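Here's the structure we're looking at; comments come further down.
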Amino acid sequence: MTICPACSPEHSNKSLDPLCNGERIWTTFLFTSFGILLGGWIIIFIYEVLSELCVKLQNIRSHGTKENTHLKQMNLPHGDDAADYDCNWLQEIKSWDNNIISGQTKMGKTFVSISDKISHYLLFILQVTIIFLCSIASLILYCLDTQKNTYMESCTIFRKSISMQIDLGLNAVFLVYFILRFAVAKSKRRFWFSLYSIVDIFTISPSFLAFYLNRTWIGFRFLRALPLMSIPNILQYMGVIERPRKIRIAQLASKFIALLLTASGFVHLVENSGDFFCDYCNAQELDAFNAVYFMIITMTTVGYGDFSCKTYIGKSFVILSLMGGLTIFATMIPEFSNLFGSKGPYFDRYHRVKGRRHVIICGHTTPHSLAAFLRDFLHKGREKMEKLDVLIIDRKVPDIEMEAILKRYYAKLQYFVGSIMNIADLQRVQADKATACLIIANKECQDASSDDSANIMRVISLKNFNQRIRIILQLLQYHNKLNVASIPGWNMESDEVICIAELKLGLIGMSCIVTGFATMTQAWSWRDLYHRGAGMKLYLEELPPSFYGKSFAESALVCFKLGVMLLAIEKERKDEHGNTRIAVDVVPCDDCIIIRGSRAFIVCMSSEDANRVKYYCSICYPIIDNLTELQLARMRVCFHARSTDWVQNEEMPIIDQPGDSEESEHAIVTIHDADVTRPLMTQQSERICTPCYQRSNTFLDEDMSSFDSTGMFYFTPSRNIQDAVLDVNSLREYHNIRHRSKTVQDGGVQCKHPLQFRDHIIVCLHADKSSPSIGLRNFILPLRASSFRRHELLTIIFVTELDYIEIEWDMISTFPDIYILNGSPNNPYNLRLISIHKCRQCVIMSTLDRGNLDTYLVDKSSILCALTIRQISMQCAGLHTDLSVVRKSNTDHDMLKTKSVFHNHIQTLTAISNECVIFFVYYTSFFFVALAIDSNVQYVEQGHTDEADLPFFLTTPFASGTAFADSVLDCILSCAYYNENAVNLLRNILMGGIDPQLEEILAEGKRFEQCQTPKMLKNRRRARVIILAIQDLIPNIDTRTEPVTFSSLFIESLGRHRMVVMGIYRRLDVLFQKDPSPKSDRPVDYNKRIVIYYPPYNYEIDPSDLVYAMQHSHLKGD
């Protein structure tokens, strides 16, 4: 059986020119090239061996004195350098070539001067590009020869063939360039077998041989496609491509094309020639285009079958190319995909549209960190949001989650891949024209100092680029504020620093006093009602002339009737050095009068509602009690606002009152005379004496030594940490005695610490010695505010490892009633020793597991601790007894009994002793969990699996005030952009105001000192958030015939007690009674309460409701 097909002589010679008379001499061309390749290598090898022998002989001769003297006289090199001297002509050629290119010699400078006249690119063509262009010309000539002539070997007279003449001329140029490269090559043998040298040997020698034999052979002229791989170098030299991405694309593309054309040329050669061992009978006609097409479908493994190799040499080459080529292409195609896939809008330049503004977001930009922020920042109620673009810049290409966010906010949000540290990227996003740059911190990082340092470096980069850029920066640790303030260009008035530790722990601390306070920083269905309150926004508007001369209470009532809530006034205040600074006064005293320039912090649903205050005119609307929605919506600037005839023409300055006047310390502004508009609210002739009002009497009777140097917090001399550690043995002995006698016997155990705790705060802190500091002082500050009286302070017990608390003890050692229980918070016995079932609030925080890659396990310590506390609560209620006798046949009956027992347990916990003040009330949810990941809220309270897909702020644990996540703080970032002093307002509520001395203590990590001057105690008189029963505001609510609405509650509280009611804390069973939606089958804790912030005016108040209110701690006339 023969492997070669039989054919006629005519068929076997169809690839041969008939003028050749059937004689093939292609082997002559091929062997000549191989002979030159091998012969040249042998000559080079012999030359190098002889050169080495000459060097050794020269070294032997150089030992003589005469030879050395002779060498010195002629300034010849010694030893090994003598060989270089013998080959000095090679160095001269190399230097000549380098001098032309470098332009450092006269010849080079001549070329440079010529290039200055005729252009830089012409010089480049003369030096380098001519070789590349000759290679392209030779490749084109090859394609033309194969297209018009189907013969692989033809007999043509040289002087009659223009193609042969051009090819010879091109190869002559290649030969000269080959000799020059060979001359300057350091390693001749390596050069001889280099890729471009093999190309020259197999293309130059056949061309000169064809001139001698008057015969042409297509041969390996296709190898001229390989120099295409040098295209990226040429483009870089010309400056066409500069960025690494474009350079890499050019390299991959040129390499792919060069290899493809080379492989196609070989297939074209062997298929048109046929196998020599088969007498060329299996040859087929295959043009160059189809050869390229065949290689493409072969490399891509498509294989349509319309073309195939018939020669054995061609088939063998395809097999080898598939093994080697697929490996090359398989690595190139994914890289191609990544390079072209990353190109798109993420790498473009931001094109700013006239009339639109843009803000830049950078830092820790992840889908988790941006979701809550963008929901609040791009809220439809924002007035300035309509013509605002949000630009996110980050080094990472958006993943699927980020692309989902980009599609959700497609009209407002743009993403750019880059770095805020790169000037080119800052120019791409036009940072110098941005209204602000918001830098988000990584709240889940393990190293807070490292993240703060990175964000501070971003601030430095922005300020170096343009010092006028407004920056709102998130920092994790308070002490890093000092580094930011020293940055050149940092503007204390426009730029803002938001400390995560300060606000987060401050909100958690305030929630221990006023449950649900952290939630407020966010046919009626209860979730829709809650969502309405969570959708309220904070706005800052300048008060119109209609408010001039009114007190804060009168202004708050006007705003309420306009459909908004007034919380605070922004004012100018002179410090002790005479400098004027902006201050925020929350719910100020009655002697505070509004004048021109005052701005109000108001809470409402949208900017249209806020504009009602800005456009309000008391002349156009003398009666505002019964304004319709249409009238409120039509409020615009009237001509009275443009005229000053009905108000004082003079500017009403702030009058400095005598320093001994206590009332002047709290006045926002004063006026020259008493000619003010008619008050809308008359003064009560007799105030109702309620517990909440009686608390303001005898406010300053306490000793000055009980307060710190700022007068804003309670103080005690610094204690050693061992003095604050509770003795576990004494607690255990006390509880054993109490358990045996069933009575409290304080005298049975001697101990320097309290043994019985009630109405206290427990902090379950999961941390160890290696955990980073979280700033516990920020948590304690709201709980030790001087606006409380001494007996109102709650004892705080930290349950954590003593090694960790030692890190922060120096900063919290001056606060009274702080104790430590050394142990694990997950140990139920430790929690029972400190009477956790009798505590006011239990806070659960964790610094562990932050490095866990599984986000669901980041909060595992906090969640497990919450389960432990819930189990203790159920056992204290006797629930374990009922569960042991439950029978499957009476499931519903036992479930109802379980609810009843749990209800009785909560009632026992909510019983208030006579010594407790009315401001603080027990609540159903007496533990508070701080989470790092929003989605983990579903594990805080089992049974709420239907809320797994809800946003965090809509979940029941957050709505009830039992859960807090770091994403809540991102809403404060957006609020700081729209309202310059929004952060100061929140800090005023949490810390009592912005005091320079307090700022210095917190920033430098100093310890609080004792108060030295009574003047500082004026800082005790400030606003505070309270929560109290509805009966304390409206005592006869149970006997009233008409229902009490939120509107009547607000007006009566403002008139009687000068309190601004912000919302209610309603029991879930009351909400379900008013909810027409179908009930779910899962069990409901009917004693759980939900925060409803600023409900509708006609919303009916239930006698079981608790009320959130803002009240000044000192009222005029006390």
Scan of segment 309-351 for residues that are over 24 Å from THR262 (Cα atoms) and touching a helix residue (DSSP H, G or I) at 6+ places or on another chain (Cβ under 6 Å), ordered by number: LEU339, ARG349
Select from segment 989-1004 the residues that are at pLDDT 80 or above and open to solvent by 20 Å² or more (accessible area, probe 1.4 Å) and list them in ascending order. ILE989, GLN997, GLU999, GLU1000, GLU1004
Taking the residues in segment 437-472 that are closer than 22 Å to LEU931 by Cα and part of a helix (DSSP H, G or I) as candidates, determine which candidate is nearest to the chain's Cα centre (by Cα). ASP451
Pairs, please: C-beta under 9 Å, at least 6 apart or cross-chain, first residue in a strand (DSSP E or B) and in segment 195-223, second of a type in the set (Val, Ile, Thr)? ARG215/ILE25; ARG215/THR28; ARG215/THR156; THR216/THR156; TRP217/ILE25; TRP217/THR28
Given the conditions (1) over 26 Å from MET152 (Cα atoms); (2) open to solvent by 50 Å² or more (accessible area, probe 1.4 Å); (3) assigned to a helix (DSSP H, G or I), every one holds for VAL240 apart from (3)
Show me the strands (runs of 3 or more DSSP E) found entirely inside segment 547-641 where at least 2 residues are at pLDDT below 85. 565-574, 580-586
Hey, could you check segment 379-419 for residues that are among the hydroxyl-bearing types (Ser, Thr, Tyr) and more than 28 Å from PRO244 (Cα to Cα) and say which is least open to solvent (accessible area, probe 1.4 Å)? TYR409
Taking the stated definitions as given, is LEU482 under 22 Å from TYR350 (Cα atoms) and in the same structural domain as THR365 (by the TED database)? no
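Conditions tested, residue by residue: (1) at pLDDT below 85; (2) not in a helix (DSSP H, G or I).
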| position | (1), (2) |
| --- | --- |
| MET332 | yes, no |
| HIS368 | yes, no |
| LYS380 | yes, yes |
| LYS384 | yes, no |
| GLU401 | no, no |
| PHE416 | no, yes |
List every residue pair whose Cβ atoms sit under 9 Å apart, with the two residues 6 or more apart in sequence or on different chains, where the first one lies in segment 988-1003 and is within 21 Å of VAL1025 (Cβ to Cβ) and the second, anywhere, is surrounded by fewer than 16 Cβ atoms within 10 Å (Cβ to Cβ) and at pLDDT below 80. ILE994/ARG581
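On the basis of being farther than 25 Å from GLU502 by Cβ, open to solvent by less than 30 Å² (accessible area, probe 1.4 Å) and not hydrophobic (A, V, I, L, M, F, W, C), does ASN466 make the cut? Write out each step before concluding.
On the way: farther than 25 Å from GLU502 by Cβ: yes; open to solvent by less than 30 Å² (accessible area, probe 1.4 Å): yes; not hydrophobic (A, V, I, L, M, F, W, C): yes.
Taking the combined requirement at face value, the residue satisfies it.
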So how many residues does segment 721-730 have that are over 12 Å from ILE820 (Cα atoms) and either assigned to a loop (DSSP other than H, G, I, E, B) or open to solvent by less than 60 Å² (accessible area, probe 1.4 Å) (or both)? 1
Specify which of the listed residues (ASN422, ASN455) is open to solvent by less than 50 Å² (accessible area, probe 1.4 Å) and out of contact with any Asp or Glu (no Cβ under 9 Å at 6 or more places or on another chain). ASN455
Would you mind stating whether ASP306 is under 28 Å from LEU259 (Cβ atoms) and among the charged types (D, E, K, R)? yes
Inside segment 289-311, the number of residues satisfying the requirement of being buried (at least 20 other Cβ atoms within 10 Å of the Cβ) and either among the aromatic types (Phe, Trp, Tyr) or in a helix (DSSP H, G or I) (or both) is 5
From the residues in segment 1005-1045 that are crowded, with 16+ Cβ neighbours inside 10 Å and β-branched (Val, Ile, Thr), which one is nearest to ASN778 (Cα to Cα)? VAL1025
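The values are calculated or read from the model by the stated rules, or taken from the named source; none is laboratory data. Since the model is a prediction, treat every value here as computed from it, not as a measurement. Cβ sites come from the backbone with ideal geometry, for glycine too, and all protein chains shown count toward neighbours. With ligands, DNA and RNA removed, areas are computed over all heavy atoms of the protein, side chains included. Shrake-Rupley method; radii C 1.70, N 1.55, O 1.52, S 1.80 Å.
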